[in-house]
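Visitor: Here it is, the structure, as structure tokens.
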Amino acid sequence: MDGEELTEQETALYDRQIRVWGADAQRRLSKSHILVYGMKGTVAEFCKNIVLAGVGSLTLVDDRAVTEDALSSNFLIPPNENMYDGKTLAEVCCNSLKEFNSMVRVSVEKGDLSRFGGDFFDKFDIVIVSCCTLTTKKLINEKCRKLSKRVAFYAVDCRDSCGEMFVDLQKYIYTKKKLDENNQPTAIERELQYPSFQESISVPWRKLPRKVSKLYFAMRVIERYEEVEGRNPGQISIDDLPAVLKLKKELCEAQSMNESHIPNALMEKLVMGRREFPPVCAIIGGILGQEVIKAISGKGDPLQNFFFFDAMDGKGIIENISPPNT
């Protein structure tokens, strides 16, 4: 990858981007391969951003059929039903993405991602999962970690007006610009060690700072409930709220945390959040694209390791939730 230069066509097409982040970053991006699982609205925004930026290839996995909920937030789905009748969600989105940038190879892979072996994931530099179960998130993250090369892992979820993103770059080395004693810009090298998703969510709640985002705890309750009940993300409704609140109380007691720290109103919003808010999808999808470009280029401070957004207060919060020795 490092020995290949940009073609004249790539240099001309990505001229403005090269002026922003440099030819080396663009070259790395143009030779990178990204896997995306779960074509929700947030991921559709990310895919659009990364295809326009000029990633080498993008592989989509989502065998579900197009639904009314998907139509409300995924702009890659054409309004004409005849254009996607009989096609999977990934196939429909693939056809739309190809129109954004002909130089990017966009393809579809069918099957259950959790059953794919390590050889499959070894073909990629970045793996992004969305709308999948707690078990699947942990499983895919661990498969990425077992590979001989570093494969960055991202998990993103958007419910109603709220969103969460998790990042695992494993052992990550990058460059950062800093002013020296003569007030001149200089590049310094930094190294970060990321925990896995399993390691992060296993940190006892009582050991976390008091100001950690309430969304972090609320999302853990929701994904645990879905796991216990055997539901996929988005398959719960307001009818499940009493059971969800009961589980919240049990988890708070087990974690020695006052249950009022996770507002019932927030839990209700997440339980009812089958549909994503397109503006929230655009925000989180944009940040995800920015972070992936950082991870590929090795330039700029990456997010470490959770990001939360709630449209009700308009705040984006970064939380570093890691075991003490990480």
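Visitor: Starting from the Cα coordinates of the chain, work out the convex hull volume and express it per residue in Å³.
Guide: Expressed per residue, the convex hull around the Cα atoms of the chain is 154 Å³.
Visitor: Something else now. Evaluate the Debye formula for the range 235-292 with equal point scatterers sitting on the alpha carbons, no solvent, and hand back log10 of I(q)/I(0) at q = 0.18, 0.24, 0.30 Å⁻¹, in q order, two decimals.
Guide: One equal scatterer on each Cα of the range 235-292 leads to -0.75, -0.89, -1.11.
Visitor: Structure shown: which of Lys138/Lys176; Lys138/Lys249; Lys171/Lys246; Lys137/Lys176; Lys143/Lys211; Lys87/Lys294 lie over 28 Å apart, alpha-carbon to alpha-carbon?
Guide: Listed pairs above 28 Å: Lys138/Lys176; Lys171/Lys246; Lys137/Lys176; Lys143/Lys211; Lys87/Lys294.
Visitor: In debye, nearest 20, what is the charge dipole magnitude of the chain about its Cα centre with +1 on Lys and Arg Cβ and -1 on Asp and Glu Cβ, if you could check?
Guide: Once rounded to the nearest 20, the dipole reads 760 debye.
Visitor: Additional query: Taking the solvent-accessible surface of protein heavy atoms with a 1.4 Å probe, what is the per residue accessible area of the range 199-272 in Å²?
Guide: For the range 199-272, the solvent-accessible area averages 53 Å² per residue.
Visitor: Distance between the C-alpha centers of the range 111-138 and the range 27-88? Whole Å please.
Guide: Cα centroid to Cα centroid, the span is 16 Å.
Visitor: With θ set to phi - 60°, apply the Karplus curve 6.51 cos²θ - 1.76 cosθ + 1.60 along the range 41-57 and write out the HN-Hα couplings as whole Hz, x wherever there is a Gly or Pro.
Guide: x, 4, 5, 4, 4, 4, 4, 4, 4, 6, 5, 5, 6, x, 5, x, 8
Visitor: Kindly rank 98-107, 175-184 from highest to lowest mean number of other beta carbons found within 10 Å of each residue.
Guide: Per-residue mean Cβ counts within 10 Å order the peptides as 98-107, 175-184.
Visitor: With charges set only on the Cβ (+1 for Lys and Arg, -1 for Asp and Glu), what does the dipole of the range 199-272 come to about its Cα centre, in debye to the nearest 20?
Guide: I would put it at about 460 debye.
Visitor: Continuing with this model, one more query. In whole Hz, what ³J(HN,Hα) sequence does the range 299-307 give by Karplus (6.51, -1.76, 1.60; θ = phi - 60°), x for Gly and Pro?
Guide: Listing the rounded values in order: 10, x, 5, x, 6, 9, 10, 10, 10 Hz.
Visitor: Carbon-plus-sulfur fraction of the accessible area of the chain, 1.4 Å probe, in percent?
Guide: Ligands and nucleic acids excluded, carbon and sulfur give 48 percent.
Visitor: Same structure, new question: Could you calculate the contour length gain from Phe100 to Ser256, that is, 0.36 nm times the residue separation minus the distance between their Cα atoms, to one decimal place in nm?
Guide: Taking 0.36 nm per residue and subtracting the Cα distance, the gain is 51.1 nm.
Visitor: Treating the beta-carbon of each Lys and Arg as +1 and of each Asp and Glu as -1, no other charges, what is the dipole magnitude of the range 182-326 about its Cα centre, to the nearest 20 debye?
Guide: 280
Visitor: On to the next question. Counting helices only, and only those DSSP H runs with n ≥ 4, report the 222 nm mean residue ellipticity of the chain as the sum of -39,500 (n - 2.57) divided by its residues, in deg cm²/dmol to the nearest 500.
Guide: -11500 deg cm²/dmol
Visitor: Sort 306-314, 291-299 for me by packing, meaning the mean count of neighbouring Cβ atoms within 10 Å per residue, highest on top.
Guide: Ranking, from highest mean packing down: 291-299, 306-314.
Visitor: Hey, another quick one. Say R0 is 22 Å: what FRET efficiency, to the nearest 0.05, do Lys246 and Ser202 get from their beta-carbon distance?
Guide: Given R0 = 22 Å and the Cβ-Cβ separation, E is 0.45.
Visitor: Let me ask something else. Going toward the positive end of the dipole of the range 199-272, with +1 on Lys and Arg Cβ and -1 on Asp and Glu Cβ, which of Asn258, Met219, Ser237 do you reach last?
Guide: Value computed over the given set: Asn258.
Visitor: Hey, another quick one. List the relative contact order of the range 11-111 as a percent without decimals, with contacts defined as Cα pairs under 8 Å and 6+ residues apart.
Guide: 30
Visitor: For the range 57-98, what is the accessible area per residue in Å² when the probe is 1.4 Å?
Guide: Using a 1.4 Å probe on heavy atoms only, each residue of the range 57-98 averages 48 Å².
Visitor: I've got another one for you. So, how do all the Cα-to-Cα distances of the range 199-272 break down into 10 Å bins, in percent, from 0 on up?
Guide: Over the range 199-272, the share of Cα pairs per 10 Å bin runs 18, 57, 23, 1 percent.
The values are calculated or read from the model by the stated rules, or taken from the named source; none is laboratory data. Since the structure is predicted, the reported quantities are computational estimates derived from the model, not experimental observations. Reconstructed Cβ throughout: ideal geometry from the backbone, glycine too, with neighbour counts over all protein chains shown. Note: accessible area is taken over every heavy atom of the protein model, side chains too, but ligands, DNA and RNA are not part of it. Shrake-Rupley method; radii C 1.70, N 1.55, O 1.52, S 1.80 Å.
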